[in-house]
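Student: Structure provided below as structure tokens; questions to follow.
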Amino acid sequence: MLITSLLLVAMAQSPSADVATARVAFTKCLHADMKKSLEAKMAPADYETAIKTVCQTERDAFRKAVIALDKASGDSDADAAEDADMQVEDYHENFLEKFTDYTETNTMPAG
């Protein structure tokens with residue numbers, strides 16, 4: 001019985017692994033949307049508005065994973081939510097910056 005419990009605990013994915021998996025899914029989705037928006041010749045101002053509405057499933061999973069990790073590390077609910085929101089906003093700003101750079105140089109991202 002004890003061995004079974006230990007195996008189940010060992011097999012459970014850690015909160016940091018959940019964050020890593022969710023982060024990859026979220027950024028992959030943002031990258032695909034950025035490329036699609038570049039191909040459609042979307043204006044940077046329109047992309048800035050649109051980026052906050054795309055990849056909702058992946059964004060929510062990432063946000064939940066960050067909150068779970070932060071709470072497991074002892075953060076309060078409010079601090080964990082604030083950190084998750086800041087990380088999501090950082091990705092939005094990063095992809096907006098990349099989008100603007102690609103637009104200005106009339107280039108496309110690889111992949």
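No value in this document is a laboratory result; all are computed from the given coordinates. Since the model is a prediction, treat every value here as computed from it, not as a measurement. Positions of Cβ are generated from backbone atoms using ideal geometry, with glycine treated the same way; all protein chains shown enter the neighbour counts.
Student: List, in order, the whole-Hz ³J(HN,Hα) value for each residue of segment 31-36 obtained from phi through the Karplus relation with A = 6.51, B = -1.76, C = 1.60 and θ = phi - 60°; use x for Gly and Pro.
Tutor: Running phi through 6.51 cos²θ - 1.76 cosθ + 1.60 with θ = phi - 60° gives 5, 5, 5, 4, 4, 4 Hz.
Student: Holding the Cα-Cα limit at 18 Å, pick out from LYS28/LYS98; LYS36/LYS98; LYS35/LYS64; LYS41/LYS98 the pairs that are longer than that.
Tutor: LYS35/LYS64
Student: Still on this structure: Could you identify which residue out of ALA40, ALA20, ALA61 has the top mean-square fluctuation in a GNM of the chain using Cα springs shorter than 10 Å?
Tutor: Result: ALA40 has the largest fluctuation of those listed.
Student: Mind checking the dipole of the chain: about its Cα centre, +1 per Lys or Arg Cβ, -1 per Asp or Glu Cβ, Debye to the nearest 20?
Tutor: Using only the charged Cβ atoms, the result is roughly 600 debye.
Student: Moving to a separate point now. Per 5 Å bin, what is the whole-percent P(r) computed from every C-alpha pair distance within segment 14-105?
Tutor: 3, 15, 24, 21, 15, 10, 7, 4, 1
Student: Could you give me the ³J(HN,Hα) list for segment 47-58, computed from phi with Karplus coefficients 6.51, -1.76, 1.60 and θ = phi - 60°, whole Hz, x at Gly and Pro?
Tutor: Going residue by residue, I get 5, 4, 6, 5, 4, 7, 10, 9, 6, 5, 5, 5 Hz, with x marking Gly and Pro.
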